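*Asks:* Below: one structure in structure tokens.
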Amino acid sequence: MTLTTDNISTVPANNPISSFDDISRKVLRANYPASTFRKPITSNGANVTTSSDPNSYDIGQILEVLISTNLNPSNTFEHDLLELLISGCNIINIADQHVTSKFSRIIFTFCSRHMVRLNENEAKQQPPLDVLLNFLIGSYSKATQVSYIVDILRALSQVLYENGVNCQNFHQQILQTLLPVARFDYQNLEIRRMAINGLGNLCFRSGAKLQGEYKSIYEVLLSNLTTVEPNLDDAAFLKVISSTLRALQFIMNEDKTIVTETFNETIEAIKRYIFFNADELKKFSLNTDRTRANSISMRNNGPPSPRSPTHSRHNRTKSLGRSWLSSDSELSDGEHVQTRRRNEDSRIRSNAVGCLQSIARAAPKLLYSHWNHFLPDTHASMSSIPSLFTLIQYEAMPAVRISACSVITTMIDGSKQYLAAADDREIKSSFTSLSAKLGAIVRELHAGLLQILAKENHGAILIQLLKCCNTLVNNTSYERLSGGYLSRLYYAVVRFLTHDDNNVRIATMSLISNIVECKSCVEEVENLIQAAVINEIVSNGTTSNSTQTFEITNLLAFLIKLIGNSSQPSNIRIEAWGVLCACTRTHFVVISPLWEQLNILIERDLKCEDVNITASMMFLVEYARELAAACGSRQNDAEDGNDEQTQQTKNLDLTKVSEWWTTVLVQHVQMATNDKCHAVRAHACDFLSYIPANIFSSLPTEKRNFCIKILLNFSKDESATVRAAACRGLGVYILFPSLQQDTKFASDMALTVIQQMSDQNLLVRVRSSWALGNLCDTMVILSNPSNVIQGVTPRNANLNEFLINVLWAKIVKAGLSAASDNDKVRPNGVRTLGSIIHVLPTNFIIREERGLIKEVVMALIKNFESGSLKVRWNACYATSNMLRNPNFPIGQKTNNWSVQLYDALIKAVQTSKNFKVRINASLALATPTTRDKYGDITTFIKILQAVVTSLENIDNLAGTGFSEVKYQEQLKNQLLTTYQHLISISTYSDQKHIEPFIERFTKWRENINGI
């Protein structure tokens, strides 16, 4: 029967509940057309009282109507619903348990359906969230009946969801309300479950606002899993377990350290419930398959025989599950119970897997030693111990299977260093080493994923499996494993390239990209990409009588055809270009013969307005980068080259290579520089930066000028990405010998990058500071008389002509600004300062000794002591570079910063835990060439003492990281060099002061030589 509000008693305006009556009518009328108004009825069918006597007014009747009405959010204003809740909280007597219970159900409904937002309030009004919390906490304190308490706690839990961060003033009240009834020894399971839900929702996205309370909440929650032996036949108890696992997941997501104190206990509890009734999963799966097969057989051969009575229907381990073709009406009560139980089991496993996912993110290294609890290390047929693969293979609920895939991915991700020890090669030994255990896990991970991939048809699960494979390939060191892993994986997934689901195809191509880029199996992968293993459907004819045939092709041919098919979705073609980029980076000799075909595709993409154009330009950049590497040019790339690939292509005809660059510049790059897409323009700049120096010098003059003009102009582009790419290109070009003598280019380049060093975008500042550092390094090269390139005379005499005088100060100031910038900019900033001071004219140094020069020294000292390790060792090296200027006034009494600089270097040599910092600081101490540069005898002795003491302690590695040990010998050699340098420049007057240190050094030398 339709419910209306026509006959709800009218309440006088001066009645305290008048506003609630009015807003209730407004809300209800918005959900019923006027033509359907009838007398409202309560939930028990009685008509609502229509007396006009205010004393006969019953608010419970309105609540009944509101509860029974399926409110449509599209017909109701949110602020009306919020006003209804606030009004109800203000007028309902919290001592009336019956009414508060009903109103709590309304609060729960509104909040669970996201019909109201509680964290928004108008000025000078109490926030709605505070109003509801006051009402619910107060109502709970007055409630005595279990059903009423459950309703109130359920509403409180829903109000807290995503609002824990907004109710900081109520945290203590909420915890005092929920913690006692959430304990493991609280008898009423439904009340306990509601309290646990409330605690979990309170923690959800609360962040640091609840930091001091997480531990106590966590202990209460964990006790529900570890203290009481589970009652597997009690559905209410299982719901408590499920809610507890969900709440634990929320709290572990907020506090990454909370799990570390009780890690083993937590893992054991989670393990128990991840594999909760896991044995039944296999039985149910097999029975479902058998039932399905029998149903199909009966449908084909005749009517089914009468079903025999079900015995032991409530025995969960003997359940046969639902018949594949049965309707709900054919199911017995026992089967319904079993279905509900299986669903509850799945929810428990799902929440337990979610907890494991949170642990894998919060403490991945602590979890390493527990991998064997969740990942198989023996073949499934040889072990009865369940693993996460058991859930992926047999779990009926797809969400749980997806979660299991995801948690395996999270566990593996970032474990490359740990898995580097894996070795699955058979070695006869009396014990199983860690390498062998990890090798077994890696082997079974591959085997398990391959087995499931062969049978899986669910699209979402298939995508997660492919992502898991992707992560596994990224983190596995195949050089220590027996061969064939990548081949088996490639052959298993290559069929998905023609899958109906485009998302599956994209995930497959992403995985293949990583397989192709595996540098430890180059020969194996090269054979894979050339093997004809892809079955592609080819249609013959256009009519209904057309036939379809299969054509077997290799990966590269398939990708070229895929990209060339304009009917394919853009994201598919983009991903195909990505696979070709991966092939280019690692197998250039295989890709290069296909250039003509690829060139046609690039030209076509550049002429059309499509997002695909970015991918084709990215491929062109990768191809140019590898071609430059093949020509033996890696000076413009920070990455190491593929030596084997370079060896295979070192005999390239440079004349033809030069023609290639010229052709591509005309055919593609000129067009790309005019493109409206900023990513394409950025790729054009990247392409220009990969031109090798020897090829650049052989280009026609107009092409060289075109490249320089593009980079200078694009350094002022509206897009930060383009500006950054252009600055990088300028930084590459200033290192070209053919441009190092071009004073006009140097001045233009300097002015351009200095301007960009004040850019708001961090990447632009990083690239421009790198370019300025290269400019200053070039000036160091020009200042060295020994640098003679291809018969060119020494260029130090004309260094002042290289830059106009005003630029000296601008470069120093730009370097100072970069040296106090972000940690990604500071290494280039200190590098700039070291190099520019190295070549500064004497008159500039004298003029600025107490000005810019002092600022430079103070900036370097600051970077010795703060910032990343890269900043610190670059600052030390820059100091060494600076001190190479013979006119630098270090050690003179005219300044007060010489002693500060030496003290900072001494501190770095003696106290830094990073050996590269100590090596470069020691190098800086050995750089001054004359005794007077070290100042008075006090400073000189302090330096010598620091060096000798460091040599005596060179073998003391306490507190030293493992990665530093490889630099130990280099540090010792540098300290020896510094010591010998100091002794060699010492004067006769220094002898009596340095003799004790000479004796200490001699004794140390005798000790290490075993004399």
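*Asks:* Mind jotting down the distance between the C-alpha centroids of segment 719-751 and segment 130-205, whole Å?
*Replies:* Spelled out, the Cα-based centre of one part sits 64 Å from the other.
*Asks:* How many percent of the accessible area of segment 891-1011 is carbon or sulfur, using a 1.4 Å probe?
*Replies:* Here carbon and sulfur together make up 52 percent of the probe-accessible area.
*Asks:* Could you calculate, for segment 343-413, the ratio of the Cα radius of gyration to the Kirkwood radius, expressed as Rg to Rh?
*Replies:* 0.96
*Asks:* Right, another one. Multiplying the sequence separation of residue 526 and residue 172 by 0.36 nm and subtracting their Cα-Cα distance, what value in nm do you get?
*Replies:* Net length gain for the segment: 121.1 nm.
*Asks:* So how many Å³ per residue does the convex hull of the Cα atoms of segment 67-153 work out to?
*Replies:* Each residue corresponds to 93 Å³ of Cα convex hull volume.
*Asks:* Could you give the length gained by full extension between residue 227 and residue 963, i.e. 0.36 nm per residue of separation minus their alpha carbon distance, to one decimal place?
*Replies:* 260.6 nm
*Asks:* Could you work out how far apart the two model spin labels at residue 984 and residue 91 are, taking each label as a point 7 Å from the Cα in the direction of the beta carbon, and quote it in nm?
*Replies:* 9.7
*Asks:* Let me ask something else about it. Among 746-754, 664-672, how do they line up from the highest to the lowest mean number of other beta-carbon atoms within 10 Å?
*Replies:* 746-754, 664-672
*Asks:* Measure out, as a whole number of angstrom, how far apart the alpha-carbon centroids of segment 415-460 and segment 802-847 sit.
*Replies:* Between the Cα centre of segment 415-460 and that of segment 802-847, the gap is 53 Å.
*Asks:* Between segment 921-989 and segment 474-534, what's the alpha-carbon centroid distance in Å?
*Replies:* That distance is 52 Å.
*Asks:* Further question: Ranked from highest to lowest mean number of other Cβ atoms within 10 Å per residue, what is the order of the peptides 824-833, 89-98, 155-164?
*Replies:* 824-833, 155-164, 89-98
*Asks:* At 1.4 Å probe size, with every protein chain present, just tell me what the per residue accessible area of segment 951-1011 comes to in Å².
*Replies:* Accessible area per residue: 66 Å².
*Asks:* At 1.4 Å probe size, with every protein chain present, just tell me what the per residue accessible area of segment 658-759 comes to in Å².
*Replies:* 36
*Asks:* Can I ask one more? Share of segment 355-464's accessible area from carbon and sulfur, percent, 1.4 Å?
*Replies:* Roughly 55 percent, rounded to a whole number.
*Asks:* A follow-up question, please. On average, how much accessible surface per residue is there in segment 428-480, in Å², for a 1.4 Å probe, leaving out ligands, DNA and RNA?
*Replies:* 43
*Asks:* A further question follows. Using the eigenvalues of the Cα gyration tensor, what equivalent ellipsoid semi-axes result for segment 123-220 when each is taken as the square root of five times the eigenvalue, whole Å, largest first?
*Replies:* Gyration-tensor ellipsoid for segment 123-220: 21, 18, 10 Å.
*Asks:* A further question follows. Mind ranking 550, 263 by accessible surface for me, highest first, 1.4 Å probe?
*Replies:* Largest accessible area first, the residues go 550, 263.
*Asks:* Compute the Kirkwood hydrodynamic radius of segment 841-959, taking the inverse of the mean of 1/r over all pairs of distinct Cα atoms, and give it in Å to one decimal.
*Replies:* 14.6 Å is the Kirkwood radius here.
The values are calculated or read from the model by the stated rules, or taken from the named source; none is laboratory data. In this text, all values refer to a predicted model and were calculated from it rather than measured experimentally. FYI the Cβ positions are ideal-geometry reconstructions off the backbone, even for glycines, and counts take in every protein chain you see. To get the accessible areas, we keep the full protein, side chains included, count just its heavy atoms, and leave off ligands, DNA and RNA. Shrake-Rupley method; radii C 1.70, N 1.55, O 1.52, S 1.80 Å.
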